[in-house]
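Q: The structure under discussion is supplied below as structure tokens; questions concerning it will follow.
The values are calculated or read from the model by the stated rules, or taken from the named source; none is laboratory data. If you're wondering where the values come from, they're calculated on a predicted model, not measured in any experiment. Don't worry about glycine lacking a Cβ; one is built from the backbone with ideal geometry, like all the others, and counts go over all protein chains shown. Note: accessible area is taken over every heavy atom of the protein model, side chains too, but ligands, DNA and RNA are not part of it. Shrake-Rupley method; radii C 1.70, N 1.55, O 1.52, S 1.80 Å.
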Amino acid sequence: MILSNTMVGKGGRRTAQWPAGVATMVRLMILVAVSMGVLAALLVVTGHDAPQALRAMVRGAAGNWYQFSSVTIVRAVPLMFAGAAVAVAFRAGILNIGAEGQLLAGAAAAAALASITSSVTAGIPAALVVLLMLAVGAFAGAFTAAIAAVLRHRFGVQEVISTIMLNFVALNVVGYLVRGPLQEPLRIYPQSPSLPAALQLPVLWPGSRLHIGVLIAIGVTVALWYWITRMAGGFRVRAVGLNAAAAQSAGRIDVGKVGTQVFLLSGVLAGLGGAVEYAGTTYALYENFSPGYGYTAIAVALLARLNLLAVVFTAILFGAIDAGAGAMQRDAGVPNVVVSVIVATLIVLVVLGDRLERRQTTLEQGT
Amino acid sequence: MIVDAFLEATIRTATPLAFAALGECVSQRAGIINIGLEGSIIAGAFGATVAASVLGAEGGFVAGALAGAVVAMLFAILTVGARVDQIISGTAITLLGLGVTGTLYRTMFGVGGVALSTPTFSAIPVPFLSDLPLVGAALFAQPAPTYLLYVVVPLLAWWMYRTHAGLAVRAVGESPVAAIASGISVRRVQFVSLLFSGAMAGMAGATLVVAQTGTFAEGMSAGRGFIAISIVVLGRWKPIGVALGALLFGAASALQYLFQSLGLTNVPYQLFLALPYVFTLLVLATASGRVAAPAALGRK
């Protein structure tokens, strides 16, 4: 379909000279290098000290162990969830641009549950509440995705538009919640009350900010990879993405049902990511909860060529870019919105690269 | 009194939506879904902001149109030139537009703090017509871009159905093969249509700045590019229909003023902010757009 057959790395192509994995790594490094070049150009054009800014960026991302584990990886966690959500959906040919809204819905649901249970206090073990928070978050994400899924399945509404619209709706719902029902008790700031320590996700080791959410993220992503590549359900997803018509007629796969299920799964992942981010990092819900995770996740997924194992690594890459951008702003005065420029550039380069590659293969095969 | 404010707000809100939607209408008629419209709008807004302080509101408006066209050209190079999937490249262009304008804005005008202010068009009341009861003030006491729209809409409708160029655009969107057979350059038509849609979207963004708010804010396009796509579906890909659709969406957005005037103040304002997006979903769900769409829409 639109993406899958160009995106998914095919191992052992006739014309490949290097193993597919190595080629992917090389192309990844080239893409990053070009994007850094674009970034450097933008910095120069806007009058910044490019070398200083770039040095600050690298230091901020991986300068020391604390930076790497407690900043870069921590920022990579929601990107792993959202990136997995996008990758899974894109594999089935479903362009879920709504990971942003689904993530917000998950965070909002988790915050809502936390506020309810606080008034019930004792009786429920904290671990159970945390589990419930994650579950509710996943459900909220699925619900948000379900709206777009139904619109797509029953009414033929293109999911690109419906999911983007739902992102804005979710944003406004959060805006309402943090000024209304979920606002902190002093009623000064538009944010939810701080999550009590007992309900926060535990950190991996003392002094770190890296919480067990990263283990959940990696675990879920690996499990998804296994499902997609080795199990019948995942095979159906890939079949639908590669050629829906063939899957329906020759494969006798219920394309509509598979599409809707994948859409919901995508929502679950993004919603879970939002809940994890709330319970593990921010401990509060507020308006700018997501600095565009859902959109960055598109780049994460595309750069990983929709391979779920690779998503873990590209998520870390973007976590590094995000952490680096924060440092760039602090140390070199570069506005960190410059991240979206890098993200967009990478997306453009990835799709262009795939186009060129397809043309190249077509030429070589003589079709 | 209440209705006056509501109607005025309707026209005011509909103006940028109509610009963007009319542009998208032409590009979709040529078979291309320009999802990068949002990028063109924000580029137009920023371009207008930068130019208006030097060249005044009129200069800002033109600069906005140019900026929007440049962004659309990038999109055209990707989709018409390199035949990349329209949806993906459109999304990337939108992200790029939002990111670049945000970066440049913060670099040039600082992080928060000082409020930026640009010269704006003032409302120009048309003598006699603006005194008409009920609709007079709403229709005929608007800033210049709205009047431009009054001219563009019928002109576009005439152009699309009564000129060779308009026929070429429609032919390309219905059957590129047939168009090529009759000697029309599909790529050139699509390229130019995209430039037009970008310029119109740029004007939409410019209107937001130099005819309405008088300032720039990151992401101020607020999804109008996507709402415009929905308006095109609602208007059945016809310029007059699209203009009416924009009016309807303007009314939906202006509803909050009506509610406020009627004293219904305990409704959270986020509901009204979310209304255009929900409305878009409803329109897309119910308008059976598949039948009326150009046959080769979205095809590579």
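Q: Can you name every residue in segment B:3-22 that is modelled with pLDDT under 90, open to solvent by 10 Å² or more (accessible area, probe 1.4 Å) and under 13 Å from B:Thr146 (Cβ atoms)?
A: Of everything in segment B:3-22, those that are modelled with pLDDT under 90, open to solvent by 10 Å² or more (accessible area, probe 1.4 Å) and under 13 Å from B:Thr146 (Cβ atoms) turn out to be B:Leu7, B:Glu8.
Q: Tell me the residue from A:Val34, A:Val38 that is within 11 Å of chain B (Cβ to nearest Cβ), closer than 26 Å to A:Gly326 by Cβ and modelled with pLDDT of 80 or more, please.
A: Only one candidate qualifies: A:Val38.
Q: Scan (1) surrounded by fewer than 17 Cβ atoms within 10 Å (Cβ to Cβ); (2) under 30 Å from A:Ala344 (Cβ atoms) for the single condition B:Leu148 breaks and write down its number.
A: (2)
Q: Right, next: Could you identify the single residue in B:Arg187, B:Arg236, B:Arg224 that is charged (D, E, K, R) and either more than 19 Å from B:Ile35 (Cα to Cα) or open to solvent by less than 60 Å² (accessible area, probe 1.4 Å) (or both)?
A: B:Arg224
Q: Of all the residues that make up segment A:292-330, how many are touching a residue at least 24 places away in the same chain (Cβ under 8 Å), within 14 Å of chain B (Cβ to nearest Cβ) and part of a helix (DSSP H, G or I)?
A: Residues that pass the stated criteria total 18.
Q: Exactly one condition in (1) more than 14 Å from chain B (Cβ to nearest Cβ); (2) modelled with pLDDT of 90 or more is false for A:Arg14; which is it?
A: With respect to (1) more than 14 Å from chain B (Cβ to nearest Cβ); (2) modelled with pLDDT of 90 or more, A:Arg14 is out only on (2).
Q: Here's something else I'd like to know. On the basis of being open to solvent by less than 20 Å² (accessible area, probe 1.4 Å), of a type in the set (Gly, Ala, Ser) and within 18 Å of the chain's Cα centre (by Cα), does B:Ala52 make the cut?
A: So B:Ala52 fails the test.
Q: So, B:Val71, is that one at pLDDT 85 or above, among the β-branched types (Val, Ile, Thr) and either under 25 Å from A:Val338 (Cα atoms) or open to solvent by less than 20 Å² (accessible area, probe 1.4 Å) (or both) or not?
A: The answer is yes for B:Val71.
Q: Can you tell me which residue within segment A:159-183, out of those that are within 9 Å of chain B (Cβ to nearest Cβ), open to solvent by 10 Å² or more (accessible area, probe 1.4 Å) and free of Cβ contacts under 8 Å to residues at least 12 places away in the same chain, is farthest from A:Ile116 (Cα to Cα)?
A: A:Asn172
Q: Consider B:Met203 carefully, then state whether it is within 12 Å of the chain's Cα centre (by Cα) and either charged (D, E, K, R) or open to solvent by 20 Å² or more (accessible area, probe 1.4 Å) (or both).
A: Answer is yes for this residue.
Q: Let me spell it out: the conditions are (1) surrounded by fewer than 24 Cβ atoms within 10 Å (Cβ to Cβ); (2) within 14 Å of chain A (Cβ to nearest Cβ); (3) within 13 Å of B:Leu208 (Cα to Cα), and B:Ile33 meets all of them except one. Which number is the exception?
A: With respect to (1) surrounded by fewer than 24 Cβ atoms within 10 Å (Cβ to Cβ); (2) within 14 Å of chain A (Cβ to nearest Cβ); (3) within 13 Å of B:Leu208 (Cα to Cα), B:Ile33 is out only on (3).
Q: Looking only at segment A:333-349, count every residue that is part of a loop (DSSP other than H, G, I, E, B), more than 7 Å from chain B (Cβ to nearest Cβ) and among the β-branched types (Val, Ile, Thr) and tell me the total.
A: Qualifying residue count for the region: 1.
Q: At positive phi and without any contact (Cβ under 8 Å) to a residue 12 or more places away in the chain - does that describe any residue in segment A:220-238?
A: So far as segment A:220-238 goes, no, none of its residues is at positive phi and without any contact (Cβ under 8 Å) to a residue 12 or more places away in the chain.
Q: State all residues of segment B:196-239 that are within 20 Å of B:Arg170 (Cβ to Cβ) and of a type in the set (Lys, Arg); if no residue qualifies, say none.
A: B:Arg236, B:Lys238
Q: Sticking with this one: Could we say that A:Ile253 is away from chain B (no Cβ under 14 Å), part of a helix (DSSP H, G or I) and either hydrophobic (A, V, I, L, M, F, W, C) or surrounded by fewer than 16 Cβ atoms within 10 Å (Cβ to Cβ) (or both) here?
A: So A:Ile253 does not fit the description; no.
Q: Name the residue, out of B:Ile88, B:Ile77, B:Ile41, that is over 25 Å from A:His48 (Cα atoms) and modelled with pLDDT under 90.
A: None of the others qualify; the one that does is B:Ile88.
Q: In segment A:310-338, what residues are closer than 13 Å to A:Pro291 by Cα and open to solvent by 20 Å² or more (accessible area, probe 1.4 Å)?
A: If the condition is that a residue be closer than 13 Å to A:Pro291 by Cα and open to solvent by 20 Å² or more (accessible area, probe 1.4 Å), then A:Asp322, A:Asn336, A:Val337 are the ones that fit.
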